[in-house]
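Derivation of every value follows stated rules applied to the coordinates shown; laboratory data play no part. All values derive from a computational prediction rather than experimental measurement. Because the Cβ atoms are built from the backbone with ideal geometry, glycine has one as well, and the counts that use them run over all protein chains shown.
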Amino acid sequence: MKVNGIPTRTIRALDNGSAIEIIDQTLLPYRFEKRILSDWRDGVEAIETMRVRGAPLIGIAGAWSVVLAVKENPENGPLLAAAERIQCARPTAVNLVWAVQKMLTALLPREPSQRFDTAVKLAAQLTQEDVDTCRAIGDMGCSLIAERYQALRRPVNILTHCNAGWLATVDYGTALAPIYAAFERGTPLHVWVDETRPRNQGLLTAWELRQQGVPHTIIADNAGGQLMQKGDVDLVIVGADRITRRGDVANKIGTYLKALAAFDNDIPFFVAAPSSTIDWKLNDGKREIPIENRSAAEVLTVRGVDQTGHDASVQLAPPDEAAVNPAFDVTHNRFVSGIITERGIFAPTDLATRFQDQIANAGL
C-alpha cells in the first residue's frame, strides 16, 4: 500500500537479511518512523511491545527474527533457544509459532554453515506468500461488498474492529483487503472504524484508510450496536489471531460483542484471515485458545499528542486502581457468517473439509 503516495511494506530485509527494517507502529498515527532490528532480541522486543502487530505480520517478524538468530549462531543449541524465545513473545496469534516452526523444519536438517542462506530464502518466501495471500483474500472478499451494493444501491457501510489492514500484514491486510479491493474497483463504500480501546488500534485503521483515500469515520467502541439498530451498518468484517478447526475465532477484545450485536440485528459478520491463522490442533476456542493478558497500564493510561504535537501519556485513573487487560476474546462459530480465506469464503464448520491438505501435512 502507499504512505504519502509511496508504495510501502511493513517489514523488509536489509543487507541480505543481516538486519530488518520495520515500521514502528507504536508511534502511529502521530509519527511515521522506521526502525532497524539487527539482533533477534530486537525482534522479540518489537513483537512484545507491538512495534509490529497483527497475526500475519507477527509471524513474518518471527521468521526474520530466526534469520537474525542464525546470523548470531547457527548451531543447534543457541538456535533452538532463540527460536523458543521468539515464538513465545506473544501467546495468542498462532502465526508466530507456525512461522518459527516452518523455519526450524527447514534449517535443522542442514549443516550450520548452510543455514543462514536457507533462512534468508525461506523468510523471503514466507514474506511474499503473505502478500499474495492477502491479495487473494481481498479478491475473494470484495464480492461480498459488491453484492451488498447491488442490493442496496447506495454506499455500503462496513464496520471494522481493531486493525486488520496492511499494517497487520506485510501488505494489503486481511479484513481491510476486501475493502481496498472493492474500493479500487469502484464500489461505493464507507467504513465505520472502532477506536478499539485500550491501545486504540482503530486509529491505525483510520490512518491507513486515509492514506488510500477510503471514506471512513472513527466511532467509540460501544457505538457499533446502536449504529446496527439504526440500520447504518450493512456488513461487519474483522480479522483474527487464531481460528480453531471448527471455526471459533479469537480476535481483539470487543470482537465478541460486535458479533453478538450483528447476530441480533441480522447483519452479516465475516472474518478475514489466511489459512496460517487456523490452528488445526484446537477445536473449542473458548476452552482451548490461550488469551494474552497485557499490562493494566494500558487500561489506566492513554497515549496521544499534546497541543504542541509532542507525545504524551495521560493517566485516566489513579495508578493504584485494579485493572484487568485481556487482549483478545473468542467468538463462537455460530455467530460467524463466513471466513474469508485465500481459497474462498467458507462456513466456519467447513474449514476442515476445505483445507484437508493442510491438516494432512500437519499430521493431524
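Adding -39500 (n - 2.57) for every DSSP H run of four residues or longer, then dividing by how many residues the chain holds, sets the calculated 222 nm ellipticity at -12500 deg cm²/dmol. Largest GNM mean-square fluctuation across 296, 63, 181, computed for the chain with C-alpha springs under 10 Å, falls on 296. Among the listed pairs 230/286; 102/258; 258/281, those whose Cα-Cα separation exceeds 28 Å are 230/286; 102/258.
Placing unit charges on each Cβ (+1 for Lys and Arg, -1 for Asp and Glu) gives region 1-146 a dipole about its Cα centre, and among 40, 56, 83 the Cα reaching farthest toward its positive end belongs to 56.
Dipole magnitude for region 188-347: computed about the Cα centre from +1 point charges on Lys and Arg Cβ and -1 point charges on Asp and Glu Cβ, it is near 480 debye. For region 264-322, the set of trypsin sites (Lys or Arg not before Pro) satisfying both a DSSP loop assignment and a count of at most 15 other C-beta atoms within 10 Å is given as 281.
In summary, the lysines within cross-link reach of residue 34, defined as a Cα separation below 26 angstrom excluding same-chain residues under 8 places away, comprise 2, 71, 121, 252. The smallest convex shape that holds all Cα atoms of the chain, its convex hull, gives 143 Å³ per residue. Taking amide H positions as modeled 1.01 Å from N, with prolines and chain starts lacking one, the residues under 5 Å from residue 301 and 5 or more places away or on another chain are 316.
Backbone geometry of region 119-126 corresponds, through the Karplus equation with coefficients 6.51, -1.76 and 1.60 at θ = phi - 60°, to 3J(HN,Hα) couplings of 4, 4, 5, 6, 4, 5, 5, 5 Hz, x marking Gly and Pro. Model label points for residue 152 and residue 84, set 7 angstrom from Cα along the Cα-to-Cβ axis, are 5.1 nm apart.
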